[in-house]
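Please read the structure below before turning to the comments.
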Protein chains: 6
Amino acid sequence: MRSVQRHLLSMRPVRIVPHVSLHAEGSVQVEFGNTHVRITCSVDERVPSHVLGTGSGWVTAEYGMLPRATQERTQREAARGKQSGRTLEIQRLIGRSLRACVDLKALGSRTLTLDCDVIQADGGTRTASITGAYVAMALAMRKMKGDGRLLSMPKLTPLAAVSIGICKGHVLVDLDYVEDSTAEVDMNLVALEGRKLVELQGTAEKGSFSQSTLNDMLEAGFGAIEALIQIQKSILNA
Amino acid sequence: MRSVQRHLLSMRPVRIVPHVSLHAEGSVQVEFGNTHVRITCSVDERVPSHVLGTGSGWVTAEYGMLPRATQERTQREAARGKQSGRTLEIQRLIGRSLRACVDLKALGSRTLTLDCDVIQADGGTRTASITGAYVAMALAMRKMKGDGRLLSMPKLTPLAAVSIGICKGHVLVDLDYVEDSTAEVDMNLVALEGRKLVELQGTAEKGSFSQSTLNDMLEAGFGAIEALIQIQKSILNA
Amino acid sequence: MRSVQRHLLSMRPVRIVPHVSLHAEGSVQVEFGNTHVRITCSVDERVPSHVLGTGSGWVTAEYGMLPRATQERTQREAARGKQSGRTLEIQRLIGRSLRACVDLKALGSRTLTLDCDVIQADGGTRTASITGAYVAMALAMRKMKGDGRLLSMPKLTPLAAVSIGICKGHVLVDLDYVEDSTAEVDMNLVALEGRKLVELQGTAEKGSFSQSTLNDMLEAGFGAIEALIQIQKSILNA
Amino acid sequence: MRSVQRHLLSMRPVRIVPHVSLHAEGSVQVEFGNTHVRITCSVDERVPSHVLGTGSGWVTAEYGMLPRATQERTQREAARGKQSGRTLEIQRLIGRSLRACVDLKALGSRTLTLDCDVIQADGGTRTASITGAYVAMALAMRKMKGDGRLLSMPKLTPLAAVSIGICKGHVLVDLDYVEDSTAEVDMNLVALEGRKLVELQGTAEKGSFSQSTLNDMLEAGFGAIEALIQIQKSILNA
Amino acid sequence: MRSVQRHLLSMRPVRIVPHVSLHAEGSVQVEFGNTHVRITCSVDERVPSHVLGTGSGWVTAEYGMLPRATQERTQREAARGKQSGRTLEIQRLIGRSLRACVDLKALGSRTLTLDCDVIQADGGTRTASITGAYVAMALAMRKMKGDGRLLSMPKLTPLAAVSIGICKGHVLVDLDYVEDSTAEVDMNLVALEGRKLVELQGTAEKGSFSQSTLNDMLEAGFGAIEALIQIQKSILNA
Amino acid sequence: MRSVQRHLLSMRPVRIVPHVSLHAEGSVQVEFGNTHVRITCSVDERVPSHVLGTGSGWVTAEYGMLPRATQERTQREAARGKQSGRTLEIQRLIGRSLRACVDLKALGSRTLTLDCDVIQADGGTRTASITGAYVAMALAMRKMKGDGRLLSMPKLTPLAAVSIGICKGHVLVDLDYVEDSTAEVDMNLVALEGRKLVELQGTAEKGSFSQSTLNDMLEAGFGAIEALIQIQKSILNA
């Protein structure tokens, strides 16, 4: 029934390939079906001014899309001379989400930058980015520990993200581009392990939705997030 | 207990002053306590290219803050040469929300631009903007009807917005700046009359939150939105 | 005869409302008829590099217009990504004028920024800005004195500004937008109390003008400036 | 007494070299002492939108300085990515002034662009630019007449510009950089032949100045402008 | 001897993976050792104004690097708000080179855009880009032929590119980053099949080089280019 | 035969006028026929961060064209808000070339900036710039020696540049604009005295070219460069 063969509450095939970059401290390629995002985690021994002197570290994110990641070619943001509102909104979301799962004090006075670059887009690029960025960040910390830059691993709470939508009245998780374009409600859910909400952004694309629909969507979303966290763990424990 | 004397689930004093602009087709100054936003609704007989030829109209929003609307002076975005990610995110939210409450077909092939300029900021500028913009838009349509530019009023469903937070474990609505800075969870709710969700954005600023907390926050938010819609109606029926 | 009922050499109704901002050290809303400008004076304990180390302070200004301050909506400069030549020219004029009326040495090594934001425009926004900025600056200094940040008030010489034009051969002061659009000569006069010239900018919009016309315009302008200085004093002494 | 040997009311040596450009329809190099400006007048058969359809033509100007035109190297505006407020203010003044001396109707529906590029700066670059641009524009029109693009020469009224200052209480004309930096009052005067004022911009750099001083400055300025107009005529009649 | 085990005149392992993009008309990932570039060829049925009306088509290129493609993270050009001189220089080179191998007339009035995005960098990104872009363009044309958008394949002459350097007096081809950083001479050669030069850019990084050295470098370069063209053919004939 | 009367392998009339700037440490106007470039060499006692602390100096270049240096007026880069790819490419080339002929260690920890501004363009602006910049730099160093800022002259190796092209099968040097527009191959050669290559950039504008043609072009180019170096020496020894 769905454009990729699967149940309404199933994820597309998910793949997280670790260590895809020769240079970065941590890296993955994350794939939710045909959505492919390359993520690197870079460590900088400086911190932005607003945390300077607090002893705390910082985690930030940048997001981009290759011009032909999309069905129609999109203008290159570097050529246009500015990042779109959509780009800025997404990278702020990724940064906030990642900061929620790590003990910034224990990170020490350094900055981790998660670069999430969409190689190919088919819906759900921001949720794939968050889910993959968690793994890239964990790998970077592990490497810092291995290199002696960190004495102990900062506490990390598993975190993942998924999109949920209402299409023709049905709750769907992990919408691809076609589904997303026709959804009546579009929601992005970011949560820690154990059904703990970190970010929730729901938008009625047509009309509005009720609180009971919201609760059905959350139920579906939490299920998908649990599945994603299992995949993250299998990669990190491999 | 709260920085303005009021109950946990009460709004600050709300004021919507209509017709504050000599030039604009519709205008209000909206005040949630010390947060003051000047809103104009401008009519342009052209539409953006993505709706051109569909017969439909369009509603969009721009958001800005005077440099000293804030406690410390903020750099002027026009001088800096670009709008911040926060600004772009807020104006996208306002535009999406306003499009949810109006019949764009009935508007005809024209664009309404809601300029929301924060004169003074004390938390909740985006929710005040949405709540006031609804009234400014209704006034502009009424004027267009009066001038014969519209044959009949397009259907408008009352829409308002409020912020909700968790501070020291308590649910609060309409947070001022001090409350907002210390909240554990920060949520913005946009809804149509009748508890119909249009936008829901919740962020755990510290840690995470449960689905049951979410439902408590929604309950509080819907109450405040009902109160706001009564104020909007009293202005529009005056 | 004039679009607002008044004599050729009369100002429109002038209103200066002090303390309009919760946050700024000094603030006013100044109104010349339908031209309304909100002005804040912000204090920063740093100085620009060209006065650093001289012991002197600095006064600077920024100018903006809300998009629908004008009859037709103007594009937002922050969205366009740069300030227009007109904006830069006006804010340079305001800054220069304000520096002429204050003892920068006595201000100490700090910067005052006058933000002049036009809420509604009907001609004369720059002269209203200068006239109001004088009061906002005086209020800010008084507050600094009250807070102990200044041991004594720096000497301030009353300063105001007015536009003067030639319309159909007649000298007019304080032109509104319609008058300004049709004037043959357009002049802006900034002066200290006692007919002391600080800035004089005259432009022949059609043809040219003689020295004798210039002197008639100055005479008219000095009269209006004296009236404005009386209004400033009544506010500051209230 | 003055840094170049001359009387208080004398110009520096003035030179206007016509036909310095192979490509431009009209061109001069104008020199006021060590201030050298290269000016080209380019003809474009299109007009800006605000005069389109009126049958009228348009005259506009752009101004620039080579980075090492000044004593200390200035950053290149093209590299900085924007023109300074000073640059925009000067080019607006040049354009306005030149439009005052030409019959735009008779020019026909085309645009003349005066590019004024300062090769070497020693004070008075804007007045040299206006004085030279008049000649470059006249030469361009003469060429258009010669080429049959214009049936008859549009009426041109001789126009020139000079700076006037007060230094240690004395009135000086055509200030060089050192004099300009120390002047108490700084004025730029643009006038048509016959003491007809087109633009007058006077600024008290220290303190203020009286109307009687203003009249002394005008007297000195008109004298210098008459001398400049004789030089223009000798070039155009050569 | 070399950082990757190989002869002085040998390429690093070269891999060209076709059809890596779901959306683009043609695409490859090209790898010269650890330098990995993702290339898409997008077809647009419009042409830039300078070929409009000539019946000819156009080929252009854009180049970018992911921020952590490099050993140290590089600032994102989209965030910085402009493309560097290096980026613009490289994309101009790629575009010019690709236009040299295709019959633009036979392409018809359409534009092909080659997006070359460096996923991982280890020297030679521009030569890998050109070599891969040839294949991506050929694949796109084949697809257009298959889809009936082209009646016949435009003539394509095989084209490839390689870097050549002098390190410690020896001629090397296909330098990796470490070799490139220490080379005395650095050259990029773009050639058509049959030793036909299209672009030659040689730079003495330290001192200078003789014509005889140039000829040795060309000899080495032509050899590498022949090898690259065989790899291109094997992919296109697969 | 050629647009300026001369042999295929002859330069246009070359003129290098020294000391054209009152302010700059070194300056020339260089002319290759109708191509005129004004060049200043400015000394700054700071160095860019990548050489800071090495004891070495730095040489850099900026390039610009006056808007009407060209046959048709070109938009001013300062007004457009960015430098074109062509401009950036040329100024990178000039900077690299000039660094090849000077002992940066002996220069001491300071930066020389060569500003090359094209006053009039008729082909070959980059080669004229390099040839003239060598002289401007030598003059600046001589002045620094004279002023005691340098104890001894850093070693300078004569350096010049010329364009070479193939037009209708013939090798030509120093192409003017018309020749350049119709050339089949376009090459720029930068060399030190004694036929030592510093930069070589050859482009097939139509089709391709052989190694034997390349060698013919080099032969012609070296001859022209020798002639240019004689002219440089006669200026510097005058």
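Read the figures in this text as sums done on the coordinates, not as results from a lab. Given the structure is predicted, the values throughout are model-derived calculations rather than measurements. Positions of Cβ are backbone-derived with ideal geometry, glycine not excepted, and every protein chain shown enters the neighbour counts.
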Ordered shortest first, which distances in nm separate the 7 Å Cα→C-beta label point of F:Arg149 from those of the other copies?
4.1, 4.2, 4.4, 5.8, 6.2
Cα convex hull of segment C:132-172 - mean projected area over all directions, nm²:
3.4
Just check the protein assembly as shown against the gyration tensor rule for me: Cα atoms, a ≥ b ≥ c as the square roots of the eigenvalues, rounded for a/c under 1.5, and otherwise prolate or oblate depending on whether a/b exceeds b/c.
oblate
For chain D, modelled as a GNM with alpha-carbon contacts under 10 angstrom, which of D:Pro18, D:Pro67, D:Pro48 fluctuates the most?
D:Pro48
Once you've got the GNM for chain C with C-alpha springs shorter than 10 Å, pick whichever of C:Met153, C:Met187, C:Met141 has the biggest mean-square fluctuation.
C:Met153
Under a plain spin-label model, where a point goes 7 Å from the Cα along Cα-to-Cβ, how far apart in nm are E:Ser152 and E:His50?
3.0
How long are the three semi-axes of the equivalent ellipsoid of chain B, in whole Å, if each is the root of 5 times an eigenvalue of the C-alpha gyration tensor, listed from largest down?
30, 20, 17
Two-site FRET efficiency, E:Asp103 against C:Thr74, from Cβ-Cβ distance with R₀ of 51 Å, rounded to 0.05:
0.55
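Scan chain E and hand back the longest stretch that contains none of the GluC sites (Glu not before Pro) lying in DSSP loops with at most 10 other Cβ atoms within 10 Å. Can you show the working numbers first?
Details: sites that count: E:Glu45, E:Glu72.
Between exposed loop sites, the widest span is E:73-238.
Counting only DSSP beta bridges with both residues in segment D:60-186, tell me the antiparallel percent, nearest 5.
On the way: 7 of 13 bridges.
That works out to approximately 55 percent antiparallel.
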Nearest-ten-degree value, helix C:211-236 long axis tilted from longest Cα axis of chain C:
40
Ignoring trypsin sites (Lys or Arg not before Pro) buried by more than 12 other Cβ within 10 Å or outside DSSP loops, the longest site-free run in chain F is F:47-154
If you line up the long axis of helix E:125-146 against the longest principal axis of chain E, both from Cα atoms, how many degrees apart are they, to the nearest 10?
20
Shortest first and in nm with one decimal, please list how far the B:Gln71 label point sits from its counterparts in the other copies (point 7 Å along Cα→Cβ).
4.4, 4.6, 4.6, 4.8, 6.5
Alpha-carbon radius of gyration plus Dmax, which is the widest Cα pair, for segment B:13-56 in Å:
14.9, 44
Which pairs, out of F:Lys196/F:Lys233; E:Lys168/F:Lys105; C:Lys196/D:Lys168; A:Lys143/A:Lys196; C:Lys105/C:Lys145; C:Lys168/D:Lys145, put more than 25 Å between their alpha-carbon atoms?
A:Lys143/A:Lys196; C:Lys168/D:Lys145
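Calculate the mean, over all residues of peptide B:117-123, of how many other protein chain Cβ atoms lie within 10 angstrom of the residue's Cβ.
Details: counts 8, 0, 7, 8, 2, 2, 0.
Mean inter-chain Cβ contacts per residue within 10 Å come to 4.
Output needed for segment C:108-212: three equivalent-ellipsoid semi-axes, defined as square roots of 5 times the C-alpha gyration tensor eigenvalues, in descending order, whole Å. Mind showing how you got there, number by number?
Numbers: eigenvalues 230, 47, 18 Å².
After diagonalising the Cα gyration tensor, the semi-axes are 34, 15, 9 Å.
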Label distances, nm, C:Asp216 versus same residue in remaining copies, Cβ-directed 7 Å point:
2.7, 7.7, 8.0, 8.0, 8.9
Chain C to chain E by rotation: the residue of C with the beta carbon nearest the axis and the rounded distance in Å are C:Gly81, 5
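How many partner chain Cβ atoms sit within 10 Å of a residue's Cβ in peptide C:65-77, on average, as a whole number? Could the numbers behind the result be given before it?
Values: counts 1, 9, 8, 15, 8, 2, 3, 3, 10, 1, 1, 10, 6.
Neighbouring Cβ atoms belonging to other protein chains average 6 per residue here.
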What's the angle, to the nearest 10 degrees (0 to 90), between helix B:85-99's Cα axis and the longest principal axis of chain B?
60
Among D:Ser27, B:Ser234, D:Ser208, which comes first, then next, by fewest other beta-carbon atoms within 10 Å?
B:Ser234, D:Ser208, D:Ser27
Between rounded, prolate and oblate, where does segment F:43-154 land on the alpha carbon gyration tensor, with a ≥ b ≥ c its root eigenvalues, rounded for a/c under 1.5, else prolate if a/b exceeds b/c?
prolate
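Rounded to the nearest 500 deg cm²/dmol, what is the calculated helix-only ellipticity per residue at 222 nm for the protein assembly as shown, with -39500 (n - 2.57) per DSSP H run of length n ≥ 4?
Values: 36 runs with 462 residues, N = 1428.
About -10000 deg cm²/dmol.
R0 = 41 Å: FRET efficiency of C:Val17 with C:Ser84, Cβ-based, nearest 0.05?
On the way: r = 28 Å, r/R0 = 0.68.
Efficiency for this residue pair is about 0.90.
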